[in-house]
Amino acid sequence: MDRFERQFVDMEVQGEFVERSMTGSAALLTPEDKVEELMDQVREECGLDFGVGLPQAGRNKVVVGVREEVSLWERVGALRARDCQKKLCGSLDGLFHIYHRAVHIEGAFRVSAEDSLHLVEALSMVITELPPDQAKKALEALCLLVVTPLQEIINQGPVILGQKGARELTVHIDRLAYIFRYVNHPEAVADAIQRLWPMFKAIFDVGAWDMRTMESLCKACKYAVRTSGRYMGVTIGAMLGEIQGLYQQHQQPCFLYLSSEVIKIFGSDPSCSEYLRNLIAALFSRTTCLLTSIQTAICGITVEHREASNSILSFLSDVFDLSHSPDSLQFHPIRDSIIVPRGPTITRILIASLTGALPSSRFETVTYVLGTVVRAYGVQALQWTKEAVSLIPSSAVKEAESMKFLQALSDAASGVNLNTLMAPIEELSDVCRRNRTVPEIVQYALRPQELNLVH
């Protein structure tokens, strides 16, 4: 509690950020008639059909277009066109006002949380077209619109913050993630994440136990790191120190994923090598202890939550790819003592994921993990794969299709680039998804009995 309360001292930095943004932006003061003129300009110059009209000044009636059912995704889609982005650079005040009405004010213009992300994306891409100095001010103004409700929650204190549902926080954090992802001004984004870090840290400290909140927060940090790169400065050290400490108490897979993202970007920097080596050692030493209960982690591969599933898949691929890491030989006995007895189970679940347990959109991710298994364990892994495929009834998959699949994995184990072997693997995946009956048959056959969980 004391540590959290100290965060409110740091919030003075955030208050300065908010105050400066308010001073530098007239976004919420744009007259209604000017906003309507802007809407007309956007429609005309970008060929954009918003589907709804703004209220006329002095009236309460809302004019609804003939395409009322059209989602905001379609209505702001044209903002992604670069020509349109450039034309709108001089109209950011009005665009911010539109965002405020669509997201924060109850009424006919209120959009869903999902649609608000598309609006944030469009605004971020317009900001990208601005010169650096202007982009920095515009980014501050956009962040202000997003963080103000989040700041109000945090200002109520740690007890209230801890009682808030994940959705009350992630709806705002996800918008920040989109900003960091689509505003392509590294220095400006680095400055924004530095100013917002006290707020992020407060949420990390109180909500580390909640997977959904942590997934959202780590995603925002991930995009900030990707966009800012080496401009992150001291913020990156504070971020990694935070998740390294929290991982000892709350083994959230997203902490590992965020760490791996940082390693990808800073791993080639000699000045960071010692710090990153200590980070990997700290995370991996804790992770090897967790491997003793890996069945629980394996169950998470097929959860519906995309980020959680991807985090676990990324973690497993890193474990199997251990041989590619420097000084990794000392960890091989630990890894193998845990993985080998569970190899058949892991393989069955991965093949089940390819054949219907996970959406087809995750095909490449699962295929990559399966490829790391056969590369790491060779003949032994191919035997696990053969045993799993043999469980699929011939009424669902023909022998020729199974043989092509097994041959592709055998080639992968021999060192052939997995990207060249996708066709036979994808063929098996498609065959097992061809109707509703086949996936049920396949999934029932592949389900490991030792993981026969009650739904």
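Couple of notes before you dig in:
- Additional length obtainable on full extension of the chain from Ser112 to Ser360, 0.36 nm per residue less Cα span: 86.6 nm
- Placing +1 on each Lys and Arg Cβ and -1 on each Asp and Glu Cβ, with no other charges, gives segment 342-415 a dipole about its Cα centre of roughly 140 debye.
- Fraction of accessible area attributable to carbon and sulfur, segment 153-206 (%, probe 1.4 Å): 43
- Residues of segment 238-269 with an amide N closer than 15 Å to a point placed 7 Å from the Cα of Ile334 along the Cα-to-Cβ direction: 248.
- Gained length - Val379 relative to Arg433, 0.36 nm times residue gap less alpha-carbon distance: 16.6 nm
- Here r is the Cβ-Cβ distance between Glu187 and Val159 and R0 is 35 Å; the resulting FRET efficiency, rounded to 0.05, is 0.40.
- Using a cut-off of 32 Å between Cα atoms, the listed pairs Lys222/Lys404; Lys264/Lys404; Lys137/Lys219; Lys222/Lys398; Lys136/Lys219 include Lys222/Lys404; Lys264/Lys404; Lys222/Lys398 as exceeding that distance.
- For Ile265 and His104, the FRET efficiency from 1/(1 + (r/R0)^6), where r spans their Cβ atoms and R0 equals 45 Å, is about 0.85.
The values are calculated or read from the model by the stated rules, or taken from the named source; none is laboratory data. The model shown is predicted, which means the values in this text are computed figures rather than measured ones. In this analysis, Cβ positions are derived from the backbone assuming ideal geometry, glycine residues included, and neighbour counts consider all displayed protein chains. Each accessible area value is taken on the protein alone, full model and side chains, heavy atoms only, with ligands, DNA and RNA left out. Shrake-Rupley method; radii C 1.70, N 1.55, O 1.52, S 1.80 Å.
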